[in-house]
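Asks: First the structure, which I've put down as structure tokens, then a few questions once you've had a look.
The values are calculated or read from the model by the stated rules, or taken from the named source; none is laboratory data. What you see is a predicted model; the values in this text were computed from it and never measured. Don't worry about glycine lacking a Cβ; one is built from the backbone with ideal geometry, like all the others, and counts go over all protein chains shown.
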């Protein structure tokens, strides 16, 4: 009786381990779907930083500050920070289309 482990045996065990791991991940993803935090990338009341607004509009941060200062983009001040609600940015974009 030969008790040596061949590279083929190792490869088969490794393949089984990967298969079990993938099955576990798939089962975990479906069972945790209801308990996971909802994706908050878009939520109407989400507060955006100036750099995020600039990125969405593809303009400079200085230009965003000018639009906020003119009142064209409604903003919220929290201490020294300025934030823009997603719904206010949506409103600005929809009115700018005209």
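Asks: Would you confirm whether or not the stretch 35-57 contains a residue that is modelled with pLDDT under 80, farther than 30 Å from residue 94 by Cα and either over 25 Å from the mean Cα position of the chain (by Cα) or assigned to a helix (DSSP H, G or I) (or both)?
Replies: Scanning the stretch 35-57, I find no residue that is modelled with pLDDT under 80, farther than 30 Å from residue 94 by Cα and either over 25 Å from the mean Cα position of the chain (by Cα) or assigned to a helix (DSSP H, G or I) (or both), so the answer is no.
Asks: Within the stretch 63-76, identify whether any single residue is part of a helix (DSSP H, G or I) and in contact (Cβ under 8 Å) with a residue 40 or more places away in the chain, and answer yes or no.
Replies: no
Asks: Is it the case that residue 10 is over 26 Å from the mean Cα position of the chain (by Cα), at pLDDT below 90 and assigned to a helix (DSSP H, G or I)?
Replies: For residue 10, the condition - over 26 Å from the mean Cα position of the chain (by Cα), at pLDDT below 90 and assigned to a helix (DSSP H, G or I) - is met.
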